[in-house]
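The values are calculated or read from the model by the stated rules, or taken from the named source; none is laboratory data. It should be emphasised that the depicted structure is a prediction, and the values quoted were computed from it without experimental measurement. Cβ coordinates were reconstructed from backbone atoms using ideal geometry, including for glycine residues, and neighbour counts include every protein chain displayed. Just so you know, the surface numbers come from the protein's heavy atoms only, side chains and all, with ligands and any DNA or RNA stripped out. Shrake-Rupley method; radii C 1.70, N 1.55, O 1.52, S 1.80 Å.
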Amino acid sequence: MAVDLSTLDYGAIARTEARRNRENKGVFVLMMVLSIAWLAPFYYLIVSVLKSPAEYVASHPLALPSGIMPLFANVTDAWVEARMGFGVLNSLLYGVVGAGVAVFIAIMAAHGLARYRYSGRTFWFMLIFAGTIFPFQMYLIPLFFTYLELGLLDTRIGMILFYTAICIPFPVLVMRNYLTQMSSEMDEAARMDGCSEFRLFFSIILPNCKGPFIALFLLQFTWIWNDLIFSTVLTQRVEVRSVMSTLQVFQGAYADVSQTVVMAASLLASLPTVVLFFVLRRHFMQGLQVSSN
């Protein structure tokens with residue numbers, strides 16, 4: 001259909017475009033201000049770890065450092081004095097094993113809840129999902145005394161068991177929705193070819209859950225890595241503490257003595273999750289699209 005250009009109101013079009021441009025510039029400026037406000041603490045962290053304790057005291061906290069050599073001394077002191085090595089390795093163990101096993105179990109549970117027809121599956125799903133309804137803090141006292149009776153208090157195996165159990169319900173919810181959307185024709189074709197239920201799960205279902213698996217693993221790993229309250233209550237020895245609990249103890253003991261070392265310890269506590277996210281970011285973004293192709 002032909003359009004009569006002489007009937008167009010070019011002035012109105014120009015005013016509309018100008019208004020849109022002003023709105024876009026306003027949003028851009030707002031985003032820039034929020035980004036600067038969000039990055040300001042990181043600037044303070046970086047300039048602090050690049051200073052020696054003497055330079056930090058003598059100069060303004062936000063002043064640029066004179067060099068980068070103090071960084072190595074600060075990181076070394078944080079690793080040795082704060083015993084951050086134990087904290088980092090323990091949190092890596094708890095995060096990798098706890099989150100990995102939890103998501104794997106969640107996929108198996110979601111497979112049973114979404115791909116099989118039987119009475120009571122809604123009840124079992126609600127029973128599992130009930131673990132996310134109540135505040136986690138209500139588990140502290142009964143968990144503490146139960147672990148004390150079982151001899152699991154202040155042990156690595158106790159922490160792994162706890163993190164694995166508490167990280168299962170949410171992935172079950174996500175994976176159940178994902179597997180519900182996945183076509184069941186693959187299952188039927190595999191069974192007609194004589195595929196067992198175990199092989200069906202490990203050869204067909206699990207490979208198709210790679211994206212959501214990685215996304216959920218990153219989310220649960222980050223939660224375990226950042227956990228402070230349960231690690232503080234369930235652990236006492238420095239050899240078993242998580243990285244956040246170790247950092248808290250170190251801050252209380254050395255914050256007034258060497259702030260640069262405390263900042264270096266904070267940097268060590270932050271880097272692993274950032275590195276892991278950037279390594280797996282492509283799979284993470286794909287996994288957030290919980291849909292079946």
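What to note about this one:
- Failed item, numbered, when Ala102 is tested on (1) open to solvent by 70 Å² or more (accessible area, probe 1.4 Å); (2) under 28 Å from Trp223 (Cα atoms): (1)
- Of the residues screened, Phe202 is not one that is in contact with a Leu (Cβ under 9 Å, 6 or more places away or on another chain) and aromatic (Phe, Trp, Tyr).
- Checking each residue in the range 42-63 for being over 30 Å from the mean Cα position of the chain (by Cα) and free of Cβ contacts under 8 Å to residues at least 60 places away in the same chain picks out Ala54, Glu55, Val57, Ala58, Ser59, His60, Pro61, Ala63.
- Matching residues, the range 145-185, being assigned to a helix (DSSP H, G or I), surrounded by 14 or more Cβ atoms within 10 Å (Cβ to Cβ) and among the hydrophobic types (A, V, I, L, M, F, W, C): Met159, Ile160, Leu161, Phe162, Ala165, Ile166, Phe170, Val172, Leu173, Val174, Met175, Leu179
- Top-ranked residue in the range 134-144 [being hydrophobic (A, V, I, L, M, F, W, C) and open to solvent by 70 Å² or more (accessible area, probe 1.4 Å); ranked as farthest from Asn90 (Cα to Cα)]: Phe134
- Subset tally (residues that are in a helix (DSSP H, G or I), of a type in the set (Gly, Ala, Ser) and over 30 Å from Ala264 (Cβ atoms)) for the range 73-128: 6
- Which numbered condition Tyr139 misses (of (1) modelled with pLDDT of 80 or more; (2) over 21 Å from the mean Cα position of the chain (by Cα); (3) over 24 Å from Val243 (Cβ atoms)): (3)
- Restricting Arg117, Arg121 to those that are of a type in the set (D, E, K, R) and open to solvent by 80 Å² or more (accessible area, probe 1.4 Å) reduces the list to Arg117.
- Complete set of residues in the range 70-91 that are open to solvent by less than 60 Å² (accessible area, probe 1.4 Å) and within 20 Å of Trp225 (Cα to Cα): Val75, Ala78, Ala82, Met84, Gly85, Gly87, Val88, Asn90, Ser91
- Restricting Gly131, Gly67 to those that are open to solvent by less than 60 Å² (accessible area, probe 1.4 Å), at pLDDT below 85 and not in a helix (DSSP H, G or I) reduces the list to Gly67.
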